[in-house]
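Undergrad: My structure is below; once you've seen it, I'll send some questions.
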Amino acid sequence: MSSGSSGSSGSSLQRWHEEKQSAWIYRGLATCECDPTKARMFTALSAAAEEQAAILASDVERASQALPQFRPTLRARVVLATARRLGVRQTRPWLAALKVRGLSAYSRSLVSGHPMPVSASEIGRRHGRAGTGGRLRAAVFGVNDGLVSNTSLILGFAGAAASAPVIVMSGIAGWLAGAFSMAAGEYISMQSQRELFEHQIGEERSELERYPDEEAEELALIYEARGVPIEDARRMTRAMLGDKEQLLDTLAREELGLNPDDLGSGLVAALWSFIAFSVGALVPLVPFLLPTVEHRVEWAAAASAASLFVVGAVLSLFSGKNAALGGLRMLAIGAAAGAATYGIGSWLGVELS
């Protein structure tokens, strides 16, 4: 056997195990799902995964390789046990990492409160509207993190009666340490998510090339679980077989709960995280950087208080709550943190003097 055929059979064997494991997970989810429509979806997806495993098994056997006894991985056992205990909705991120399909059925129904879509492209468009709002919300939270953390740090040193140069150095250190930490965390998070997305979309592409009819049927079952009559769902998914790229995009969104448009750059995410944190962290530091300003601690506290109110008001736009109440709540939280660190700094300054 050539190395090429050996590699191909090894890939088929791995995919066979993944499909068998998917079928095993679907059966488990069907038994613990209280919603009969979703339970039927998981049962049907289990049968579809078994059919795809049978196709892959024939590929392995044609390569003269024996099929091992199927055993689910420890990770799959833990995730399924957790899903049975907490419910599918609460464990969707874990299930998505195991490439469990149909999780989009736990999103809002496609027909409740909306006109029923007449094509899958309409469904895809509904998925693409939240990205900008999510990034804006993350940026506001980044500003808030920098503001609260560096204000607390600076007030803590001020409470300890530290000199202005010491406060400036501590503020700069807190700003840079926090900003680099946030940027590094965002980069790792974004890259890990991107790698997961690319891997799963790549596997979905391979499966679509190997058994397109079965993939279209799986998608139809998911649409049925979300409220679309099964015959209408099948008509939509069969029509998409003529455009494999559109079908792949829809499969990624509906089966895996992934948005291919969200495969952003880790470096860009890290840069924006650094900038957002820096904007907040510099607010309490600016009065100490201006040589002509007197009563710098008071100015730093006032600038931070005003900024906290603004941040709280902006965050209320994402929750639909009253802007003034949101601003006051954020101001109260930041004031409590600042007062606590100022008091601790004052106590330590006396104890260590």
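The values are calculated or read from the model by the stated rules, or taken from the named source; none is laboratory data. Because the structure is predicted, anything quoted here is derived from the model rather than measured. Note that each Cβ is placed from the backbone with ideal geometry, even for glycine, and that neighbours are counted across all protein chains shown. Keep in mind that these areas ignore ligands, DNA and RNA; they rest on the heavy atoms of the full protein, side chains included. Shrake-Rupley method; radii C 1.70, N 1.55, O 1.52, S 1.80 Å.
Undergrad: Could you run through the stretch 42-62 and say how many residues are open to solvent by 50 Å² or more (accessible area, probe 1.4 Å) and touching a Lys or Arg at 6+ places or on another chain (Cβ under 9 Å)?
TA: Residues meeting the conditions: 2.
Table: residues versus (1) among the aliphatic types (A, V, I, L, M); (2) out of contact with any helix residue (DSSP H, G or I) (no Cβ under 9 Å at 6 or more places or on another chain); (3) surrounded by fewer than 17 Cβ atoms within 10 Å (Cβ to Cβ).
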{"site": "Ala30", "(1), (2), (3)": "yes, no, no"}
{"site": "Asp35", "(1), (2), (3)": "no, no, yes"}
{"site": "Arg40", "(1), (2), (3)": "no, no, yes"}
{"site": "Pro68", "(1), (2), (3)": "no, no, yes"}
{"site": "Arg75", "(1), (2), (3)": "no, no, yes"}
{"site": "Gly102", "(1), (2), (3)": "no, no, no"}
{"site": "Ala105", "(1), (2), (3)": "yes, no, no"}
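Undergrad: Which residues, counting only those in the stretch 163-194, are open to solvent by less than 70 Å² (accessible area, probe 1.4 Å), among the hydrophobic types (A, V, I, L, M, F, W, C) and free of Cβ contacts under 8 Å to residues at least 40 places away in the same chain?
TA: Val166, Ala173, Leu176, Ala177
Undergrad: Just checking, which of Ala301, Ala332 is open to solvent by 30 Å² or more (accessible area, probe 1.4 Å), in a helix (DSSP H, G or I) and either modelled with pLDDT of 90 or more or touching a Pro at 6+ places or on another chain (Cβ under 6 Å) (or both)?
TA: It is Ala332.
Undergrad: Looking at the stretch 201-226, I want the residues that are touching a residue at least 12 places away in the same chain (Cβ under 8 Å) and among the hydroxyl-bearing types (Ser, Thr, Tyr) and have a partner that is open to solvent by 10 Å² or more (accessible area, probe 1.4 Å) and part of a helix (DSSP H, G or I) with Cβ atoms under 6 Å, at least 6 apart or on another chain. Which pairs are those?
TA: Matching pairs, first to second residue: Tyr211/Ile55.
Undergrad: Of all residues being open to solvent by 20 Å² or more (accessible area, probe 1.4 Å) and of a type in the set (Val, Ile, Thr) in the stretch 141-162, which is modelled with the highest pLDDT? Just the residue, please.
TA: The extreme case among them is Val148.
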